[in-house]
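One structure is given below, encoded as structure tokens.
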2 protein chains.
Amino acid sequence: MAGTDHRRCAAGGGPAIILVEPQLGENIGTAARAMMNCALDDLRLVRPRDGWPSAKAIAAASGADRVLDRARLYPSVAAATADLVHVYAATARERGFVRRIVTPRHAAAEMRRHIAADEPCGVLFGPERTGLLNDDLTHADTVLTVPLNPGFASLNLAQAVLIVGYAWYLGGSQMPPETLSTGLSRPASKAELMNFFEHFEEELVKNGFLRNRESRPSMVRNLRSLFQRARCTEQELRTLHGVVTAFAGRRERKGEMPETEPAEHEAQD
Amino acid sequence: MAGTDHRRCAAGGGPAIILVEPQLGENIGTAARAMMNCALDDLRLVRPRDGWPSAKAIAAASGADRVLDRARLYPSVAAATADLVHVYAATARERGFVRRIVTPRHAAAEMRRHIAADEPCGVLFGPERTGLLNDDLTHADTVLTVPLNPGFASLNLAQAVLIVGYAWYLGGSQMPPETLSTGLSRPASKAELMNFFEHFEEELVKNGFLRNRESRPSMVRNLRSLFQRARCTEQELRTLHGVVTAFAGRRERKGEMPETEPAEHEAQD
């Protein structure tokens, strides 16, 4: 999906993303891209297997260089989490020992409160093949588990980072659940809509569509309901006026009636 | 992240995922994997550029073969959406024309209602490089936009499918936002906790830690508060009893006092 506007890049300040012994440079790159999608910029790498910096990571990051440039290397999970107050361990595996387990959405809400209280947070992600070790989990206070198909719950590294990051980003997103994008126009007022209804129904009377006086009121109600639901813009109503006028004109021509004055309502599309 | 239990694979029945002219087989494979993570199994392909079936798709699907095996090919978006009642177009790009725009979470809630009412749904995803064309959008009633960093909103195909699928899956997930996994043990009762407090504090009186009678009540409250917050299991309390007994025994030996009866509370770990 496109839609990037580089002037509007959101600032960081979110949790640290800590990749423990990541195996492939590509996965570090795609994880960095997922972080930047979600306005996260604190990437920490604990003993990346194939060394650092990594050309493969840069190639896979698709432009998320800023995250890679700022990435820091650590010799151990202890070192990578030393300055943090709250650490979550991303794992889906049942460990058989006592753990608080939260969903990404719940973790995101907690982390927003912690970070607002100046308590830095981080999330640990394990190596691609094995995931986090039980010893890694001793550095975390909480387990973060993504609810997924129990028959197929394995995510690749970048996808796990994306799910966690997206939950974080959503927690601060102002995007309303539903909007009507009206492009360059504006939503029509009810007066404009009624004006169209009158034009439309006048022509439907003329062309005989509404000739049955008994069914006319319900027919009119149904047609009006359709256009109400469509939540037309002012521009769309002008287009619809033009459509009605064009039909009316053709009917008049077909009926060999003289053409009258030019269309009163013109489309501008 | 590991944690897959193949006996518990969730059934499908969700929206169709429609990939319009996908370019790379790998991306079809990773999209199929993301679908299976989210218990989606209706994959539709409109004119995949590199042909179908695709060995690269199978390799990238990491075991989501069932989704690929069931995938259907279509010559056009119209054909791929013909049996659907509600179609969402995943795009982040501003189109400049009138569109209802919803978030993945809102779309997921709508789709669950639609599907429960036997009204099949689908989501269109465009080619990797360009995304959906304006003409593709004429087959959709609604635009689905993922709220992401406005400075870096471009997702790869599988990640876009994962975000949409995950929102769908979450809408039906019973996973509580927070749980305490107690492994093989069970949460301790308050009676068990009080029994530990008594043992602990008795030894702290003996070893002189609570010798200051004035500060003793607040000291006791603070220590009790810590163990209350930790929400111990019955097994953990037995371990803690053992820890206290071990310290008390060492002190008694160091003080050259005769060893008394064997530890009353033993750890079993």
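The values are calculated or read from the model by the stated rules, or taken from the named source; none is laboratory data. A quick note: this is a predicted structure, and the numbers were derived from the prediction, not measured. Note that each Cβ is placed from the backbone with ideal geometry, even for glycine, and that neighbours are counted across all protein chains shown.
The table below gives the values:
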quantity: Selected residue (criterion: surrounded by the most Cβ atoms within 10 Å (Cβ to Cβ)) from residues of region A:96-128 that are under 16 Å from A:Val20 (Cβ atoms) and facing chain B (nearest Cβ under 9 Å); calculated: A:Phe125
quantity: Positions within region B:134-155 being more than 9 Å from every other protein chain (Cβ to nearest Cβ) and touching a residue at least 60 places away in the same chain (Cβ under 8 Å), in sequence order; calculated: B:Asp136, B:His139
quantity: Enumerated strands (runs of 3 or more DSSP E) restricted to region B:34-91, each holding at least 1 residues that are over 10 Å from B:Ile18 (Cβ atoms); calculated: B:72-74, B:86-90
quantity: Residues within region B:155-187 that are hydrophobic (A, V, I, L, M, F, W, C) and outside any helix (DSSP H, G or I), tallied; calculated: 4
quantity: Flag if A:Ile163 is in contact with a Phe, Trp or Tyr (Cβ under 8 Å, 6 or more places away or on another chain) and in the same structural domain as A:Gly29 (by TED's automatic domain parsing); calculated: yes
quantity: Residue list for region A:105-132, filter: free of Cβ contacts under 8 Å to residues at least 24 places away in the same chain and assigned to a loop (DSSP other than H, G, I, E, B); calculated: A:Ala117, A:Asp118, A:Thr130
quantity: Conditions (1) surrounded by fewer than 21 Cβ atoms within 10 Å (Cβ to Cβ); (2) farther than 25 Å from A:Ile115 by Cβ; number of the one not met by A:Asp69; calculated: (2)
quantity: Residue within region B:57-64 that is surrounded by fewer than 21 Cβ atoms within 10 Å (Cβ to Cβ) and more than 10 Å from every other protein chain (Cβ to nearest Cβ) present; calculated: yes
quantity: Evaluation of A:Asn195 against (1) at pLDDT 95 or above; (2) under 30 Å from A:Ala16 (Cβ atoms) (one fails), failing number; calculated: (2)
quantity: Flag for A:Arg211 being charged (D, E, K, R), under 27 Å from B:Met36 (Cα atoms) and part of a loop (DSSP other than H, G, I, E, B); calculated: no
quantity: Members of region A:73-85 found to be surrounded by fewer than 21 Cβ atoms within 10 Å (Cβ to Cβ) and in contact with a helix residue (DSSP H, G or I) (Cβ under 8 Å, 6 or more places away or on another chain), listed by number; calculated: A:Tyr74, A:Val85
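Residue-wise test of (1) at positive phi; (2) under 37 Å from the mean Cα position of the chain (by Cα); (3) surrounded by 14 or more Cβ atoms within 10 Å (Cβ to Cβ); (4) modelled with pLDDT of 95 or more.
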{"residue": "B:Val205", "(1), (2), (3), (4)": "no, no, no, no"}
{"residue": "B:Gly208", "(1), (2), (3), (4)": "yes, no, no, no"}
{"residue": "B:Arg211", "(1), (2), (3), (4)": "no, no, no, no"}
{"residue": "B:Thr233", "(1), (2), (3), (4)": "no, yes, yes, no"}
{"residue": "B:Glu236", "(1), (2), (3), (4)": "no, yes, yes, no"}
{"residue": "B:Gly255", "(1), (2), (3), (4)": "no, no, no, no"}
